[in-house]
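Heads up: the structure comes next, in structure tokens.
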Amino acid sequence: PMVLAVSGGSDSMAMLWMFCRLWRGNVVVAHLDHQLRGAEARDDARFVREMAEHFNVPVRIEALPVTSLLRKGESFEDGARRIRYDFLERVRASERGWGIAVAHTADDDAETFLLNLLRGSGPRGLAGIPECRGSIVRPLLGFSRAFLRETLEYHHISWREDRSNEDDTYLRNRVRNRLIPLLQREYNPRAREHILGATRHMKVIRDREERAWPLLVALARRRIPGTRYTAALSFLRDLDDETLATLLRGVGRDLGLSTLPRERITRLVALVRRSSGWCFQWQKEVSVFSASDLVSWADPAILDQADRSAVRIPLTGASGAARWQRWSFSWERVTEPDSYLGAMQAVLPTDGWFEIRPATEEDSGVVPPWGRSFFPTLLSGGLRWIPFWQSRTRPGLRSARCGAVRIRASCECDTGRHD
């Protein structure tokens, strides 16, 4: 069945009527009481139940204390939206429905455009409300609220008025009740129509970006331990500004990060163009670091790992293992003619031990500055090896009292295992 999100207002009642008259499949009505408006909200729930019975369709009604379920730092509007969609998804899963229909109209689309414009959104936000996203469908985006009310009146279908829609405490209500009427009255009676025209144009741009960013992100990706995403600075600089902005927004989406407003993306594009040594905070737990020819998304805690001490590993026996921070090492004694420094394994001369310590400023030509406390440097028999960053063969293994040792490195980090 299709799950219908029905509040009891005119928009959702028009959607219920249309589905019952025109939809050949089954429907389930879902209604959530946010426990904010007391008896009025309970009357809404009772009305929705009665109308579902009138149309002979099943109904699921639930009441949740939204204000007590808000997350730390979450606005009421964002929290209420999250809780409402979680409820609708639970209903869809329990009813084995294939989709959730919500009653956003052309008026909601125009309001969303203006809200996102005021927030400094880029093309994705200015494209308005998507008609489909995942299991969510919005079949009424092509209809105005006035048309839907006329339709209900013509067919003698009643609806409930939500008095909270008149509360201008909320920004969306101020846009709906003040800004759009002002634009229509003082500037252009067809202001809403022109706004919707702009959203349609931005939807074309958004759809083009939706197709492009996964390919760009995959093409630019370099896997480096300790980072969530890395790309070559030279690759980014070869892109034009629009494509670069698409890639940067795409990385944020790929990592599940908050969406940056347009001016912050513009600033990040300028940083990529301007220099190679900088740090940009995307959000609290993710920063973007640029050094050498790399631009990396990583937790800023990587700058100050807790344990910066050196560890000396005695080579007792034929083989063994060691750990240092988030790195694991396995070693075995070998007889080799040449030393070998690979990405994640090396053959080094040894005097019966090797040492693991953080990379230092002496290693700045090899390790980016942001990774000095994260990446280990291994010292053995007079040679130095930094896993991942050094890869070369050095002929003529220096003689040492205890021969040679092969060391394999692996790193457990947020992006998976590197070995």
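The values are calculated or read from the model by the stated rules, or taken from the named source; none is laboratory data. What you are looking at is a predicted structure, and each value in this text was computed from that prediction instead of being measured. All Cβ positions, glycine included, derive from the backbone under ideal geometry; neighbour counts span all protein chains shown.
Considering every residue within the stretch 113-123, establish whether at least one is closer than 28 Å to Arg42 by Cβ and in contact (Cβ under 8 Å) with a residue 40 or more places away in the chain. Before the answer, list the steps.
Here is the first cut: in the stretch 113-123, the residues closer than 28 Å to Arg42 by Cβ are none.
No, the stretch 113-123 has no match at all.
Quick one: count up the residues across the stretch 247-266 that are of a type outside the set (Ser, Thr, Tyr) and exposed (fewer than 12 other Cβ atoms within 10 Å of the Cβ). Total satisfying the criteria: 2.
Mind telling me which of the residues Arg323, Arg372 ends up being exposed (fewer than 14 other Cβ atoms within 10 Å of the Cβ) and more than 21 Å from Ala404 (Cβ to Cβ)?
Selected residue: Arg323, the only one of Arg323, Arg372 that is exposed (fewer than 14 other Cβ atoms within 10 Å of the Cβ) and more than 21 Å from Ala404 (Cβ to Cβ).
Taking the numbered list (1) within 19 Å of Ala103 (Cα to Cα); (2) at pLDDT 95 or above; (3) loosely packed, with under 15 Cβ neighbours inside 10 Å in turn, Glu161 passes all entries but (2). Inclusion of Ser287 among residues that are part of a strand (DSSP E or B) and farther than 21 Å from Pro387 by Cα is warranted. In the stretch 316-335, the residues that are among the polar types (S, T, N, Q) reach residues that are loosely packed, with under 13 Cβ neighbours inside 10 Å and in a strand (DSSP E or B) with C-beta atoms within less than 6 angstrom, at least six apart or across chains, in these pairs: Ser330/Ala321. Taking first residues from the stretch 56-73 that are in the same structural domain as Met18 (by TED's automatic domain parsing) and partners that are among the small types (Gly, Ala, Ser) and in a loop (DSSP other than H, G, I, E, B), no Cβ contact under 8 Å between residues at least 6 apart in sequence or on separate chains turns up. In the stretch 169-192, the condition of being surrounded by fewer than 15 Cβ atoms within 10 Å (Cβ to Cβ), part of a helix (DSSP H, G or I) and either at pLDDT below 90 or hydroxyl-bearing (Ser, Thr, Tyr) (or both) is met by at least one residue.
Among the conditions (1) over 15 Å from Ala5 (Cβ atoms); (2) assigned to a helix (DSSP H, G or I); (3) hydrophobic (A, V, I, L, M, F, W, C), the only one that Phe87 does not satisfy is (1). Do you know which residues across the stretch 220-268 are hydroxyl-bearing (Ser, Thr, Tyr) and either part of a helix (DSSP H, G or I) or within 21 Å of Arg124 (Cβ to Cβ) (or both)? Result: Tyr229, Ser234, Thr243, Thr246, Ser258, Thr259, Thr266. Among the residues of the stretch 37-55, not a single one is surrounded by 17 or more Cβ atoms within 10 Å (Cβ to Cβ) and within 30 Å of the chain's Cα centre (by Cα). Here the stretch 110-140 is the region considered, the condition is being closer than 19 Å to Leu4 by Cβ and not in a strand (DSSP E or B), and the residue that is nearest to the chain's Cα centre (by Cα) is Gly134. Residues that are surrounded by fewer than 19 Cβ atoms within 10 Å (Cβ to Cβ), closer than 30 Å to Arg49 by Cα and small (Gly, Ala, Ser) occur at least once in the stretch 118-139.
Counting only residues that are under 32 Å from the mean Cα position of the chain (by Cα) and at pLDDT 90 or above, give me the strands (runs of 3 or more DSSP E) lying completely in the stretch 370-419 with at least 1 of them. Even if it seems obvious, please write down each step before you answer.
Working: elements: 376-380, 383-385, 392-394, 404-413, 416-418.
It comes to 404-413.
For the stretch 222-234, taking the residues that are surrounded by fewer than 16 Cβ atoms within 10 Å (Cβ to Cβ) and not aliphatic (A, V, I, L, M), the one that is farthest from Leu268 (Cα to Cα) is identified as Arg223. Looking at the structure I just gave you, is Leu4 surrounded by fewer than 18 Cβ atoms within 10 Å (Cβ to Cβ), touching a residue at least 60 places away in the same chain (Cβ under 8 Å) and not in a helix (DSSP H, G or I)? It is false that Leu4 is surrounded by fewer than 18 Cβ atoms within 10 Å (Cβ to Cβ), touching a residue at least 60 places away in the same chain (Cβ under 8 Å) and not in a helix (DSSP H, G or I).
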